[in-house]
1. From the list Gly125, Gly148, Gly137, Gly109, which residue is without any contact (Cβ under 8 Å) to a residue 60 or more places away in the chain and not in a helix (DSSP H, G or I)?
2. Would you pick out the residues in the stretch 58-77 that are assigned to a strand (DSSP E or B) and touching a residue at least 24 places away in the same chain (Cβ under 8 Å)?
3. Filter the stretch 48-101 for residues that are of a type in the set (Ser, Thr, Tyr) and surrounded by 15 or more Cβ atoms within 10 Å (Cβ to Cβ); which is farthest from Val200 (Cα to Cα)?
4. Mind checking whether some residue in the stretch 225-243 is among the basic types (Lys, Arg), touching a Leu at 6+ places or on another chain (Cβ under 7 Å), modelled with pLDDT of 90 or more and farther than 28 Å from Asp131 by Cβ?
5. Is there a residue in the stretch 222-230 that is surrounded by fewer than 20 Cβ atoms within 10 Å (Cβ to Cβ), within 21 Å of the chain's Cα centre (by Cα) and aliphatic (A, V, I, L, M)?
6. Can you pull out every residue in the stretch 155-175 that is at pLDDT 80 or above, assigned to a helix (DSSP H, G or I) and touching a strand residue (DSSP E or B) at 6+ places or on another chain (Cβ under 8 Å)?
7. Among the residues of the stretch 248-259, are any among the polar types (S, T, N, Q) and modelled with pLDDT under 95?
8. Regarding Pro20, is this residue at pLDDT below 95 and closer than 19 Å to Glu127 by Cβ?
Amino acid sequence: MHFAGEGSGDPDEHALACLPRSIFEKLGVTLIQPESGVTTGGFDAKFLSVDLAVPTLDPAVADDAVAVNGTTRVDYTHFSLTMSQSRKFAFWVAWNVDGGGLKKISRTGVPFLKDPRLPATAQTGDELYKDNRLDRGHLARRADLLWGSMDEANQANRDSFFFTNITPQMDDFNQSMRRGLWGRLEDAIFEDVDVDDLRVSIYGGPVFGADDRVFRGVRIPREFWKIIAFVEGGTLKASAFLLTQNLNHLESLELDEFRVFQVGVAELEERTSVRFPDAVRTADSFRHVPEAEGPRRPLGSLSEIVWG
């Protein structure tokens, strides 16, 4: 999902994206080597003027994190993540956005691939998405990652298509997100707030529910979360959001109406078992929302967001 995903609504685009992937799979070829001079150090904790670390996991779920070479953090160009062994999706993804250096790069011809650094059994691949209405949606939004040098931005573009950064969404849901509130949250922050240095750090991921519907042996998340952190006038601020994708009638994968809520960071920690840096908790803009509005604030438009 890009949390604001990029789906396969265009059949021509879908065909172009899948063709090289099919060839690579048949040949046993995986393209993961960065171009010369490209840094793939992942999420930069010092990207903002205030240090922000990647999230951690509650001890109750820590053993479910996929470890590779002694670490559960997996780095890509401009983003990092930790995978769930049992759910085969990311617990969390953290990414940096340089709003002043974004580039436009085509997604045509970039294959979706499993990351060979991780066990294939710990990742959900095209076996879930073939011959149905499920889209492969980005968690770290592809467009957010396309900054830096052209080599760097191109590598980030390719990295965004690893299945570790993908979760399933219904096609109409995914396309709606791109046009709707969820898909425009990052754009809104630059439009509505005087962000220092036009730099933003974002955390996002799915909510793993015990009652999530099972399709092809995979539990499909109904809800997703995102925290946007930025510095305004030298002060760190953070806004947290929850999106509900309510799937009913498993066989047909019908989609009920989805809604976007602004919530507190504490609620996300409780629902996800993901723990955020103390600075993010302190900077939570939800503390400025009137208590009378309750623990969740439904959003009907971008203008209703409290940024801090």
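The values are calculated or read from the model by the stated rules, or taken from the named source; none is laboratory data. Here the structure is a predicted model, which is why all the values come from computation and not from measurement. Every residue, glycine as well, gets a Cβ built from its backbone with ideal geometry; the counts of neighbours run over all protein chains shown.
1. Gly125
2. First, pick out the residues of the stretch 58-77 that are assigned to a strand (DSSP E or B): 65, 68, 71, 74-76.
Those that are assigned to a strand (DSSP E or B) and touching a residue at least 24 places away in the same chain (Cβ under 8 Å): Ala65, Val68, Val74, Asp75, Tyr76.
3. Ser84
4. Initially, the stretch 225-243 is screened for residues among the basic types (Lys, Arg), giving 226, 237.
Subset that is touching a Leu at 6+ places or on another chain (Cβ under 7 Å): 226.
Then keep just the ones that are modelled with pLDDT of 90 or more; that gives 226.
Imposing the further condition that a residue be farther than 28 Å from Asp131 by Cβ reduces the set to 226.
Looking for residues that are among the basic types (Lys, Arg), touching a Leu at 6+ places or on another chain (Cβ under 7 Å), modelled with pLDDT of 90 or more and farther than 28 Å from Asp131 by Cβ, one finds at least one in the stretch 225-243, hence yes.
5. no
6. If the condition is that a residue be at pLDDT 80 or above, assigned to a helix (DSSP H, G or I) and touching a strand residue (DSSP E or B) at 6+ places or on another chain (Cβ under 8 Å), then Ala156, Asp159, Phe163, Thr164, Asn165 are the ones that fit.
7. yes
8. Yes, satisfied.
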